[in-house]
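The values are calculated or read from the model by the stated rules, or taken from the named source; none is laboratory data. Since we're looking at a predicted model, the values are computed, not measured. Neighbour counts run over all protein chains shown; Cβ positions are idealised from the backbone, glycine included.
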Ligand SMILES: [Fe+2]
């Protein structure tokens, strides 16, 4: 993994798994896959939750949300068997679920040590582990399936009050060295006035194109771009899906200054196979640099798991949002 930064020299937190930790986790993933055959088996989900609750020692120490203001850390050393998982599929729906299952289960174990993994019913058929790879026909669309364009910095699923608090991005393959971009709100330098303006609920954020039925979305709800958590400033930001040009001039100007600041503090993170980025979705926006996809089975392939952390409250006003008719399924749904 390499890191470049437009502005600072602060290094990113890196946690390296020991051989024992890597082997233990891999064995858990393969054993669960062989025993239960898939996540449609409720006992598989129950076992993940129970195992994660009892894992201690090195893994417990290394698998936790990032500390400090960078909002991102990388755990290096997840076992990736590139032969076993197969070639990069041409689209998420074509991923061989059985071949990926041991790795997916490892990711869900890690995610369950942080909080509650979940999937969106309207995205990738509700899968708890999403696959991110370039898809033909989506080269210039602002989603993770794009390639030729800069994927603009954004909060993951910013439109929804149940968006992840933290998410995992694991790298299966990245021969091209395509960089993920990350920017922390804590690295920006904004005036008190800009923070006050951007903390007003002024404009909505709409779902991206990977979510279905616009008819059911209901009325857009204005939300604040910036908000305070107990440990400092947080954001909810997705300019490509925000009609910010319709806001008042003061808001527009502050929003543009925020965008320039996020660009100024942006870092480039090149994940390597076996790297797992743990991203604080309230502190950091992420994106991806443009690249030319080959569509020959060797393209960049990431896996993503969304994690909810109920002990991290957000603004109370979010409780009244309808979430544009998008529902989540939690890993341990059957347990609740
Ligand atoms: Fe994203």
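Brief remarks follow.
- Residue that is nearest to the chain's Cα centre (by Cα) [pool: residues in segment 138-158 that are within 22 Å of residue 258 (Cβ to Cβ) and more than 12 Å from the ligand (Cβ to nearest atom)]: 150
- Reported count of residues in segment 250-270, each being crowded, with 17+ Cβ neighbours inside 10 Å and more than 16 Å from residue 183 (Cα to Cα), is 2.
- Tally of residues being away from the ligand (no atom under 14 Å from the Cβ), more than 11 Å from the chain's Cα centre (by Cα) and in a loop (DSSP other than H, G, I, E, B) across segment 114-133: 5
- Scanning segment 159-198 for residues that are part of a loop (DSSP other than H, G, I, E, B), over 22 Å from residue 290 (Cα atoms) and within 16 Å of the ligand (Cβ to nearest atom) turns up 159, 160, 162, 163, 164, 165.
- Within segment 304-331, the set of residues being closer than 27 Å to residue 271 by Cβ and touching a helix residue (DSSP H, G or I) at 6+ places or on another chain (Cβ under 6 Å) comprises 305, 307, 329, 331.
- Number of positions in segment 206-241 that are in a loop (DSSP other than H, G, I, E, B) and either over 20 Å from the mean Cα position of the chain (by Cα) or modelled with pLDDT of 95 or more (or both): 14
- Boolean, residue 30 is assigned to a loop (DSSP other than H, G, I, E, B) and closer than 28 Å to residue 298 by Cβ: no
- Residue match in segment 105-112 (condition: under 23 Å from residue 310 (Cβ atoms), touching a helix residue (DSSP H, G or I) at 6+ places or on another chain (Cβ under 9 Å), at pLDDT below 95 and outside any loop (DSSP other than H, G, I, E, B)): no
- Hits in segment 276-320 - residues which are more than 18 Å from the chain's Cα centre (by Cα), closer than 30 Å to residue 68 by Cα and buried (at least 16 other Cβ atoms within 10 Å of the Cβ): 315, 318
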